[in-house]
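A.B. asks: Below is the structure I would like to discuss, written out as structure tokens.
The values are calculated or read from the model by the stated rules, or taken from the named source; none is laboratory data. Keep in mind the model is a prediction, meaning the values are calculated, not measured. All Cβ positions, glycine included, derive from the backbone under ideal geometry; neighbour counts span all protein chains shown.
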Amino acid sequence: MGTGARTAMTTGRRPMPTDPQLMTLVQWLSPAFPVGGFAYSHGLETAIAQGHVQDAATLEAWLEDILRAGSGRSDAIWLRLAHGAGTSADLLALDAEARAFIPAHHRLMEADKQGAAFVRTLNAVWALDLPPLLLPLAVGAGAARRDIGVKVVLPLYLQAFVSNLILAAQRLMPLGQTEGQRILSRLGPVCLHVAGQTRGATIADIHSTAFLSDIMAMRHENLQPRVFQS
């Protein structure tokens, strides 16, 4: 097979060509991508410490609430808006709005530091010129500049988001790897639903009714001792 030729994976029914853009996206959203996601729990550490999340069932319910009604849904909208932004000035204006909506200092730090690290790597490896942005905006803007459709980006971004929180939970409570993967698998359709539900959304649609998650993010600032930065 010549250089640059498309390879195929056997699916049992027909060959499926690999997609370089999809491979790029999977690389970006991998735990190995250097954004430091392992250092943040998105307030989950406080929720576990205060007994709101105790086992696999309560963890799954917590994550589903975040996806459907909390920061997961909001991040999906910000990512969509960043994907459609035309200029760096538009992106920076969106980023300023997104920062104003974040309800807790540690949650802002989480999105800010991960976004800045994400942009640095994209600019260095893929020769982009993105300004520092919050993580969901950075992913949306980067995907647009690499011609990766938002329909593909969004569910995988949301899946990576909850996957990181499941990994955090495994460091904080008795939760086996197999059960963690069961939770992630069951939340897959939720990620797809939220991605589709936010189609056509604007800044006016940004809100969070996952109040306890936001409160835990606020309380994390005073949690001692703690493992995670957020």
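A.B. asks: For G86, work out the one condition from (1) within 25 Å of A100 (Cα to Cα); (2) in contact with a helix residue (DSSP H, G or I) (Cβ under 9 Å, 6 or more places away or on another chain); (3) not hydrophobic (A, V, I, L, M, F, W, C); (4) not in a helix (DSSP H, G or I) it doesn't fulfil.
C.D. replies: (2)
A.B. asks: Still on this structure: Please pick out the residue among A141, A82, A160 that is crowded, with 22+ Cβ neighbours inside 10 Å, at pLDDT 95 or above and under 13 Å from W28 (Cα atoms).
C.D. replies: A141
A.B. asks: Going through E110, E64, E60 one at a time, which residue ends up being charged (D, E, K, R) and either buried (at least 24 other Cβ atoms within 10 Å of the Cβ) or modelled with pLDDT under 95 (or both)?
C.D. replies: Being charged (D, E, K, R) and either buried (at least 24 other Cβ atoms within 10 Å of the Cβ) or modelled with pLDDT under 95 (or both) holds for just one of E110, E64, E60, which is E110.
A.B. asks: Listed residues S213, S185; which is polar (S, T, N, Q) and surrounded by 15 or more Cβ atoms within 10 Å (Cβ to Cβ)?
C.D. replies: Every option except S213 fails the conditions.
A.B. asks: Can you tell me how many residues in segment 120-159 are among the hydroxyl-bearing types (S, T, Y) and closer than 17 Å to D75 by Cβ?
C.D. replies: Final tally of qualifying residues: 1.
A.B. asks: Given the structure, is E45 out of contact with any Ser or Thr (no Cβ under 9 Å at 6 or more places or on another chain), assigned to a helix (DSSP H, G or I), touching a residue at least 12 places away in the same chain (Cβ under 8 Å) and buried (at least 18 other Cβ atoms within 10 Å of the Cβ)?
C.D. replies: Considered against the rule, which asks whether it is out of contact with any Ser or Thr (no Cβ under 9 Å at 6 or more places or on another chain), assigned to a helix (DSSP H, G or I), touching a residue at least 12 places away in the same chain (Cβ under 8 Å) and buried (at least 18 other Cβ atoms within 10 Å of the Cβ), E45 comes out as no.
A.B. asks: Give the residues of segment 87-122 that are polar (S, T, N, Q) and either within 19 Å of P31 (Cα to Cα) or in contact (Cβ under 8 Å) with a residue 60 or more places away in the chain (or both), sorted by residue number.
C.D. replies: Q114, T121 - these are the residues of segment 87-122 that are polar (S, T, N, Q) and either within 19 Å of P31 (Cα to Cα) or in contact (Cβ under 8 Å) with a residue 60 or more places away in the chain (or both).
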